[in-house]
Amino acid sequence: MKLRTIAWIGLATAALAGCNLASTPDPTLTAKDREFMSLAPSGNPPAEYGRYIVDDPTGQPPGTVTIDTFKNFLYYSLPNHKAIRYGVATGNEASGWTGEATVGRMAEWPRWMPPSDMLERWPHLRPTAEAGGLPGGPDNPLGSRAMYLFQDNKDTLYRIHGTNEPDKIGQHVSSGCIRMRDIDAIDLYNRVHVGTKVIVADKAY
């Protein structure tokens, strides 16, 4: 390991230690999870976008998911004013949509179907749509898990999901959905349920 890399890790660790962050253990993985994740693209987002227990800045009751699309953090509120904070990737469309939703559907290694507006922008995806979408797997853009956001029992077409581009976590790069590292998507998936309240905030925390 190069000295510059060692120095960067030391600085990052010191910075995180001063922010009252506590790491959390990884979730238990299935055999399919282990197989697909071993084949998925790898990437290392900045340390601040890891998974940590923090003081909850949202003021929401336990079990609520709050997404800060300004700073690219997702908070899962816990008892005693704590939260699990995950780094996410968002996009301009996600930043423009705010409000409340609920988790209306959940899927493991979900099939991806390009939405109609994406097909208009990128016609090369039409064969994928005509084939019934892309099966779940390590190259699927929805990654390991998907949590589909609904309002008034209707699909908003926004999702919280894993990603095959983990190096983009912390950036505004998606087509509107909320991307997480696959391991983090699994962790959140294990904590939420259909009906979980999700807030896409119109402010930074």
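Which residues, counting only those in region 84-103, are assigned to a strand (DSSP E or B) and either farther than 18 Å from Phe150 by Cβ or open to solvent by 20 Å² or more (accessible area, probe 1.4 Å) (or both)? The answer is Ile84, Arg85, Tyr86, Gly87, Ala89, Thr90, Gly99, Glu100, Thr102.
Quick check: anything in region 66-79 free of Cβ contacts under 8 Å to residues at least 60 places away in the same chain and closer than 21 Å to Ile183 by Cα? Within region 66-79 (the criterion being free of Cβ contacts under 8 Å to residues at least 60 places away in the same chain and closer than 21 Å to Ile183 by Cα), the answer is yes, since at least one residue qualifies. Each residue in region 136-193 was checked for being in a helix (DSSP H, G or I) and among the β-branched types (Val, Ile, Thr), and 2 pass.
When only residues in region 100-129 that are more than 16 Å from the chain's Cα centre (by Cα) and acidic (Asp, Glu) count, which is modelled with the lowest pLDDT? Among those residues, the one meeting the criterion is Asp117. It is to be established whether one or more residues within region 130-145 are among the hydrophobic types (A, V, I, L, M, F, W, C), surrounded by 16 or more Cβ atoms within 10 Å (Cβ to Cβ) and modelled with pLDDT under 90. Taking every residue of region 130-145 in turn, at least one turns out to be among the hydrophobic types (A, V, I, L, M, F, W, C), surrounded by 16 or more Cβ atoms within 10 Å (Cβ to Cβ) and modelled with pLDDT under 90. Considering each residue of region 180-205, count those that are at pLDDT below 95, under 13 Å from Asn72 (Cβ atoms) and not aromatic (Phe, Trp, Tyr), and give that number. The qualifying residues number 3.
The values are calculated or read from the model by the stated rules, or taken from the named source; none is laboratory data. What you are looking at is a predicted structure, and each value in this text was computed from that prediction instead of being measured. Virtual Cβ from ideal backbone geometry, glycine too; neighbours counted across all protein chains shown. All accessible areas refer to the heavy atoms of the entire protein, side chains included, with ligands and DNA or RNA removed. Shrake-Rupley method; radii C 1.70, N 1.55, O 1.52, S 1.80 Å.
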